[in-house]
Amino acid sequence: MLRWRFTFLFIICSSLLLAQTEDSATQPKIDTSIGFYTWNSIDSHRFIIDTSINLFHHYNPLDKSIELTREGYIHLGNLGTPHTKLLFDIGREVGFDLGVHHLDRYEWVNNDIMYYDIIKRFTEINYIFGLNNEEVIDVFYTQNLSPTFNFGFNFNKTGSEGFFANQATNHTNLVAGGLYRSLNKKYSAIGNIIISNSTLDENGGVRIDSFLYDDTYARRNTVPVNLAGARFKSKKKEVNLKQSYYLGHPYEKKINDSLSVEKFLPTWALTHTVSYTNRYHFYQDSLAYLSGIYPDFVIDSFSTFDSLHVYRIKNELGFKMLGDWRIDGTKIIKRKHGTGIKFIHEWNQIFPYRELLSATVDSVQVTYLLRKDTIIQDLNVKFYWQNILNKKHLYSYRFDLQYGILGYSEGDYRTKFHFRKLWAKNDDRTYLNILHEQFEPAYLQKYFLGNHYKWDNNFSKTTVFEAEVGQVFDDWDMFFDVSVRNIDRFVYNDTAGMPAQLDSSLIFLQVRLMKNFEFRGIHWDNYIVYQRSSNTNVIHLPPIWSKHSLYYENYFFKKVLYMQMGFDITYHMPYYANAYAPSTGLFYLQNEQLINSYPVVDFFVNFRVSNVRIFFRTDHLDQGLFDKGYFEVPHYPMPDLSFRGGLSWRFVD
């Protein structure tokens, strides 16, 4: 089956290449004026779609995060499995946090949704395939139904059976949304419906790691695993609506010497946002009694069914200054400052809130489970002020404040000061970030009752002070930054897989360097991170982690075909990587298995012909050169040498 898919991709590429070579003058091109907005940028910034093939083969959301946010992840060895950050990050905004994050990169959130405003219809189809029935299907469509209203939908299905037994994953995301803007530019509305479903088979890792090197188990699906009947499911339905009413000034735009038209320049926006979320998680294991990896049986000694159901209603009311422009007589000139304020209220109903109780019935001590719901509310306020300090806009700063007024985050705060210096001759810039925050630990760090774990913690608030300084050299395609964090009352998951809080302070240092080289189409991209904690007993991360890409790119066949071909190389120093607990979805400390790493090499080829992009890649190309395999999470082997291919086709009509 995989062979036929590769053949199909090859035929498409060859046919397109032949057609475009015969008549390259009529080669259609993507309209680069096609732009989109996101939930947070609707009032301020318009993005242009990416038509390049640069790193197109990074289809996995965990790989994409490196380019988008410079984050790295480790996972359980299959596309779509639980993951955790490889680079230290602790900060979060003020407000209620449920604490379920092990599938964050595979679940669509509100600000991931794109809203277009185009004249033509735009369609994009993506299809990726690999070994073990690995598939990614992504279909996007949008069009303007009227001069003021755009509608679009996006469907994504990601899944794989995996190399090992009981390792299958299946993620489905569907979103439908629209953007409305009045002709007089005084009102806009965006809204969407998001449906996300995830199903993961949990195998608990391989029973004995040495089986990975035993020729008896050359077929990986025959390697014995710890769990045979465990499964995690997650379902989410979400509805979001944001309405904005704009205040501003009318002005006359001159068309020619004798003709002018009246326009409206929005300068302030009053916004209201409402969202409703219905989220459901459950973990079940019908054969729990056969497993030896669970630490305890709290409720049922035969099978497990742990569930968590959350309803959320969120309202936001904000007022802010728009953009960087203002009216001065008949001229539009650059504004030097901006400000805004927003009030956020959140109502959460969590069911079942479970409590394990004991009672005496007919002189017999009985343990029973009390099921009820609990209501958690939260009210906080966000404020920002930004200013440009000179006429050439070389110096600017921004101050952000968020404060918890009532409810779950009462007394929490987050303050951030950002200063930027632009250098006059290019886009080089120096920046400084100062962050001070205090926040309540996540809900599941404080309370959990399942069949294998239970805790009821009275943790204090965590406090973080962070200073970061960095430099971007645009001409050199380089940046570096240094950050230092001082953390009080840090919450971590101990070696028993349960949350604990550190009584003392710890200091965390992180240094990041990115430098890309290019010579006559040969590229060498490098991203290196050094990180160190003053308390290595509670934070286990590799001291050095790096990602490199060495590739050649150029046009071929009379500039009809554009191609990239090269290698990705990932490496980290040995360390005691966190283990994974299937029944809680938490990664926790362990001191028994040192994760030794060698440079993992992947080979890739990316093509672009007309509006079609195609890639082929071989992962773990160097398997057997250093070792027969490797781990990123204890007892969860990473995939063997494997092949993948993908196609992206865009239509504008």
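Data for the structure
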{"item": "Candidates Tyr562, Tyr576, Tyr588, Tyr580 - the one that is more than 26 Å from Arg512 (Cα to Cα), of a type in the set (Ser, Thr, Tyr) and at pLDDT 95 or above", "result": "Tyr580"}
{"item": "Residue check for Thr142: part of a strand (DSSP E or B), more than 30 Å from Gly411 (Cβ to Cβ) and modelled with pLDDT of 90 or more", "result": "yes"}
{"item": "Some residue of region 227-243 being assigned to a loop (DSSP other than H, G, I, E, B) and either free of Cβ contacts under 8 Å to residues at least 12 places away in the same chain or of a type in the set (A, V, I, L, M, F, W, C) (or both)", "result": "yes"}
{"item": "Among (1) within 26 Å of Gly629 (Cα to Cα); (2) at pLDDT below 95, the one test that Val529 misses", "result": "(2)"}
{"item": "Pairs, first under 30 Å from Phe211 (Cβ atoms) in region 151-179, second of a type in the set (Phe, Trp, Tyr) and open to solvent by 10 Å² or more (accessible area, probe 1.4 Å), C-beta under 6 Å, six or more apart", "result": "His171/Tyr106"}
{"item": "Matching residues in region 621-637 - criterion: being open to solvent by 10 Å² or more (accessible area, probe 1.4 Å) and part of a loop (DSSP other than H, G, I, E, B)", "result": "Leu621, Asp622, Gln623, Gly624, Leu625, Phe626, Asp627, Lys628, Tyr630, His635"}
{"item": "Looking only at region 167-193, and only at residues there that are closer than 14 Å to Gly80 by Cβ and open to solvent by 20 Å² or more (accessible area, probe 1.4 Å), the one that is nearest to the chain's Cα centre (by Cα)", "result": "Thr172"}
{"item": "Test: Phe448 is under 30 Å from Glu518 (Cβ atoms) and open to solvent by less than 50 Å² (accessible area, probe 1.4 Å)", "result": "no"}
{"item": "Residue among Val484, Val469, Val464 that alone is touching a residue at least 40 places away in the same chain (Cβ under 8 Å) and either among the β-branched types (Val, Ile, Thr) or assigned to a strand (DSSP E or B) (or both)", "result": "Val464"}
{"item": "Residue list for region 451-482, restricted to those being open to solvent by less than 30 Å² (accessible area, probe 1.4 Å) and among the polar types (S, T, N, Q)", "result": "Asn451, Thr462, Thr463, Gln471"}
{"item": "Residue check, Trp524 in contact with a Leu (Cβ under 8 Å, 6 or more places away or on another chain), closer than 30 Å to Asn611 by Cβ and part of a strand (DSSP E or B)", "result": "yes"}
{"item": "Pairs with Cβ under 9 Å, 6+ apart, first in region 616-637 and under 20 Å from Arg207 (Cβ atoms) and among the aliphatic types (A, V, I, L, M), second open to solvent by 20 Å² or more (accessible area, probe 1.4 Å) and part of a loop (DSSP other than H, G, I, E, B)", "result": "Val633/Asn578"}
{"item": "Test: Leu241 is at pLDDT 85 or above, out of contact with any Leu (no Cβ under 9 Å at 6 or more places or on another chain) and more than 30 Å from Thr304 (Cβ to Cβ)", "result": "yes"}
{"item": "All positions within region 495-514 that are part of a loop (DSSP other than H, G, I, E, B) and either of a type in the set (A, V, I, L, M) or open to solvent by 40 Å² or more (accessible area, probe 1.4 Å) (or both)", "result": "Thr495, Ala496, Met498, Leu502, Asp503, Ser504"}
{"item": "Hits in region 528-584 - residues which are farther than 30 Å from Gln284 by Cβ and of a type in the set (Val, Ile, Thr)", "result": "Ile528, Val529, Thr536, Val538, Ile539, Ile544, Val560, Ile569, Thr570"}
{"item": "Answer from Val261, Val274 - the residue that is exposed (fewer than 15 other Cβ atoms within 10 Å of the Cβ) and either without any contact (Cβ under 8 Å) to a residue 40 or more places away in the chain or within 30 Å of Ala176 (Cα to Cα) (or both)", "result": "Val261"}
{"item": "Unique residue being hydrophobic (A, V, I, L, M, F, W, C), modelled with pLDDT of 85 or more and part of a strand (DSSP E or B) when the list is Leu370, Leu379", "result": "Leu379"}
{"item": "Count of region 138-166 residues which are open to solvent by 60 Å² or more (accessible area, probe 1.4 Å) and either of a type in the set (Gly, Ala, Ser) or closer than 23 Å to Phe643 by Cα (or both)", "result": "2"}
{"item": "Count of region 546-597 residues which are hydrophobic (A, V, I, L, M, F, W, C) and open to solvent by 60 Å² or more (accessible area, probe 1.4 Å)", "result": "7"}
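The values are calculated or read from the model by the stated rules, or taken from the named source; none is laboratory data. What you are looking at is a predicted structure, and each value in this text was computed from that prediction instead of being measured. Neighbour counts run over all protein chains shown; Cβ positions are idealised from the backbone, glycine included. What goes into the accessible areas is simple: the full protein's heavy atoms, side chains included, and nothing from ligands, DNA or RNA. Shrake-Rupley method; radii C 1.70, N 1.55, O 1.52, S 1.80 Å.
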